[in-house]
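Nothing in this text is a laboratory measurement; each read-out follows from the coordinates by a stated rule. Bear in mind the structure is a predicted one, so any value in this text is a computation, not a measurement. Positions of Cβ are generated from backbone atoms using ideal geometry, with glycine treated the same way; all protein chains shown enter the neighbour counts.
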Amino acid sequence: MSSNDGRIPVKSVTSFDADFDVIRDALFTHQVLVFKNQGGTSPKAQYELTRRFDPAATSYGHGKTIDAKRSILHPDLKTIPHQPQVQVIGNGFVSEYEGLKDIRLKHPHHKTFHATAIPAQDDLDFTRFYRWHIDAALYGLAPPVATTLLAVQVPGGRRQICRYDDGTGDELDVPLGTTAFVSGYTMYDLLSEADKEFARSTKVEYAPHPYIWISNAKSCSDGLGLVSQGQEIPLSDLPPIEEDKIQILPLCWRNPVTGKLALQVHPSPVRKLHLADGTVINDLNKVREIVHRLQRPGIAPKMVYAHDWKEGDFVLFHNRGVLHSVVGAFAEDEVRLFRQCNVAASHFPEGPAEGLAAA
Ligand SMILES: [Fe+2]
């Protein structure tokens with residue numbers, strides 16, 4: 001209906017609901033959505049949209065660990081004072097942003113986390129996936145449904161070759177500082193029928209205080225899980241463990257719109273596998289080998305979407321349907337400023353069948 005009475009049309013709450021339904025359906029169908037030219041989005045609006053995927057959720061997705069300084073997540077995050085669910089991440093020195101003053105951001109570099117590193121003389125041209133992951137505390141809090149990322153400032157456009165360095169020769173040409181995404185649904189679909197059956201019927205147990213537990217451990221060269229060198233922190237040296245916060249989750253999570261199964265495992269903090277017949281695999285080396293074998297086909301170069309960030313890009317991704325990774329190495333004077341938000345969900349993901357979902 002057209003209106004010629006000169007008033008500025010005001011959207012009703014109902015039409016905002018309809019807009020959100022379109023976004024929600026698109027997200028659960030395509031897993032990663034890019035909205036261009038959204039640089040004016042306030043931290044509050046970012047939080048509101050992120051939270052809307054689970055209105056009962058309120059807290060920050062990674063949770064507060066008792067001993068946050070020991071966690072591997074600690075150095076990468078700075079919180080916006082007036083919207084603490086939104087964090088600033090990036091690289092370089094920023095004198096003022098949203099109430100944060102004189103902050104020094106550091107883009108993670110694989111040499112600080114991988115067991116091996118690209119030689120310094122090749123570091124400008126070559127890089128690696130830093131760490132394939134799901135945004136999740138994996139202890140106590142349920143994995144967030146969605147994550148939003150806003151590119152506020154992006155340094156100019158060189159490219160790098162992302163190497164897997166795993167003997168396969170796999171590599172991928174990527175924009176500097178890309179965020180790489182792979183689909184958990186594709187990862188599942190690529191499995192043999194036997195492995196699909198295994199994935200549907202197996203659960204993964206994550207370590208207590210997972211990001212402290214692995215704080216001395218090192219990553220495989222493809223960023224997909226850790227090498228086993230006995231570097232995990234003994235459980236007795238972790239902060240006090242609350243048994244009921246330890247998470248045993250299905251390997252496959254069901255999409256709430258399409259019903260499809262995604263192989264969704266955070267490979268770094270996995271500790272045990274619980275098989276359908278009651279067997280528990282707790283040999284860490286074996287657990288990691290199994291998870292890596294299942295996941296590796298899903299991160300092959302042609303399976304990766306490497307987003308080419310432009311200022312104002314607002315990316316919304318389905319955290320329960322994709323794995324993602326930071327990529328790239330910036331020079332100290334290359335300033336990059338991003339805002340990130342996710343909130344721990346009010347419910348755990350649904351598994352392949354009734355009764356398999358985590359408690
Ligand atoms: Fe992340």
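Which chymotrypsin sites (Phe, Trp or Tyr not before Pro) in region 242-337 sit in a loop by DSSP (not H, G, I, E or B) and have at most 12 other Cβ atoms within 10 Å of their own Cβ?
Numbers: sites: W253, Y305, W309, F314, F317, F330; in loops: W309, F330.
Passing both the DSSP loop test and the Cβ count: no residue.
For a test of the definition: using alpha carbon positions, the gyration tensor, and the 1.5 limit on a/c, classify region 23-342 as rounded, prolate or oblate. Can you show the working numbers first?
On the way: a/c = 1.34, a/b = 1.26, b/c = 1.07.
Because its axes are fairly even, with a/c under 1.5, region 23-342 counts as rounded.
Could you list, in their original order, any pairs among K78/K101; K78/K106; K245/K286; K36/K78; K203/K302; K101/K310 whose Cα atoms are separated by more than 19 Å?
On the way: K78/K101 11 Å; K78/K106 11 Å; K245/K286 24 Å; K36/K78 24 Å; K203/K302 28 Å; K101/K310 24 Å.
Beyond 19 Å between Cα atoms: K245/K286; K36/K78; K203/K302; K101/K310.
At 222 nm, what value in deg cm²/dmol follows for the chain if DSSP H runs of at least 4 each add -39500 (n - 2.57) and the sum is divided by all its residues, to the nearest 500?
Values: 6 runs with 59 residues, N = 359.
Roughly -5000 deg cm²/dmol at 222 nm, from the helical runs in the chain.
D313's amide H: which non-local residues (gap 5+, or another chain) put their own amide H closer than 5 Å, with H modeled 1.01 Å from N in plane and none for Pro or chain starts?
N37, Q38, A151
Students often get this wrong: which residues of region 316-336 have the backbone nitrogen under 19 Å from the point 7 angstrom along Cα-to-C-beta of D125?
Residues 328-331 fall inside that zone.
Between E98 and T258, what FRET efficiency follows from the Cβ-Cβ distance if R0 is 41 Å, with the result rounded to 0.05?
Numbers: r = 36 Å, r/R0 = 0.88.
According to the calculation, E is roughly 0.70.
How much net charge surrounds T178 when only the other residues with a Cβ under 13 Å from the Cβ of T178 are counted, with Lys and Arg +1 and Asp and Glu -1? Kindly include the intermediate steps, with their values, before the conclusion.
On the way: positive: R128, R158, R159, K310, R336; negative: D173, D308, D313.
Charge balance in the 13 Å sphere: +2.
Among DSSP bridges having both ends in the chain, what percentage is antiparallel? Round to the nearest 5.
Numbers: 60 of 63 bridges.
Counting only bridges with both partners in the chain, antiparallel ones make up about 95 percent.
How much net charge surrounds A151 when only the other residues with a Cβ under 9 Å from the Cβ of A151 are counted, with Lys and Arg +1 and Asp and Glu -1?
On the way: positive: K310, R336, R339; negative: E311, D313.
Spelling it out: positives minus negatives among the neighbours equals +1.
For a Förster distance of 25 Å, can you work out the FRET efficiency between the beta-carbons of D333 and H82, rounded to the nearest 0.05? Mind showing how you got there, number by number?
Numbers: r = 29 Å, r/R0 = 1.15.
Plugging the Cβ-Cβ distance into 1/(1 + (r/R0)^6) gives 0.30.
Non-local amide H neighbours of V86 (under 5 Å, H modeled in plane, Pro and chain starts lacking H): which ones?
Hits under the 5 Å cutoff: I80.
Which whole-Hz couplings ³J(HN,Hα) result when phi for each residue of region 251-268 is put into the Karplus expression 6.51 cos²θ - 1.76 cosθ + 1.60, θ = phi - 60°, listed in order with x for Gly and Pro?
For region 251-268, the Karplus-derived couplings read 6, 10, 10, 8, 6, x, 9, 8, x, 6, 9, 10, 7, 10, 10, 7, x, 5 Hz, x marking Gly and Pro.
Through the Karplus equation 6.51 cos²θ - 1.76 cosθ + 1.60, θ set to phi - 60°, convert the phi angles of region 307-322 into ³J(HN,Hα) values in whole Hz; use x for Gly and Pro.
Computed from phi, the couplings for region 307-322 are 5, 8, 5, 10, 4, x, 5, 10, 9, 10, 10, 7, 5, 9, x, 9 Hz.
Show which lysines lie in cross-link reach of K111 when reach means a straight Cα distance below 18 angstrom and same-chain residues fewer than eight apart are skipped.
Straight-line reach from K111, under 18 Å: K218.
Applying the Karplus parametrisation 6.51 cos²θ - 1.76 cosθ + 1.60 with θ = phi - 60° to the phi angles of region 104-116, what ³J(HN,Hα) value in whole Hz is obtained for each residue in order, glycine and proline being reported as x?
Karplus values, whole Hz, x for Gly and Pro: 10, 9, 9, 5, x, 10, 4, 5, 7, 10, 8, 5, 10.
Which value, in debye to the nearest 20, gives the size of the charge dipole of the chain about its Cα centre, when Lys and Arg are +1 and Asp and Glu are -1 at the Cβ?
On the way: 38 positive and 43 negative charges, 72 e Å.
The calculated dipole for the chain is roughly 340 debye.
With r defined as the distance between the Cβ atoms of N285 and T112 and R0 fixed at 22 Å, what FRET efficiency is calculated, to the nearest 0.05? Mind dumping the intermediate values first?
Details: r = 23 Å, r/R0 = 1.05.
So the FRET efficiency works out to roughly 0.45.
Report, by chain and number, residues whose modeled amide H sits under 5 Å from the one on V227, excluding near sequence neighbours (fewer than 5 apart, same chain).
Excluding prolines and chain starts, which carry no amide H, the hits are K218, S219, C220.
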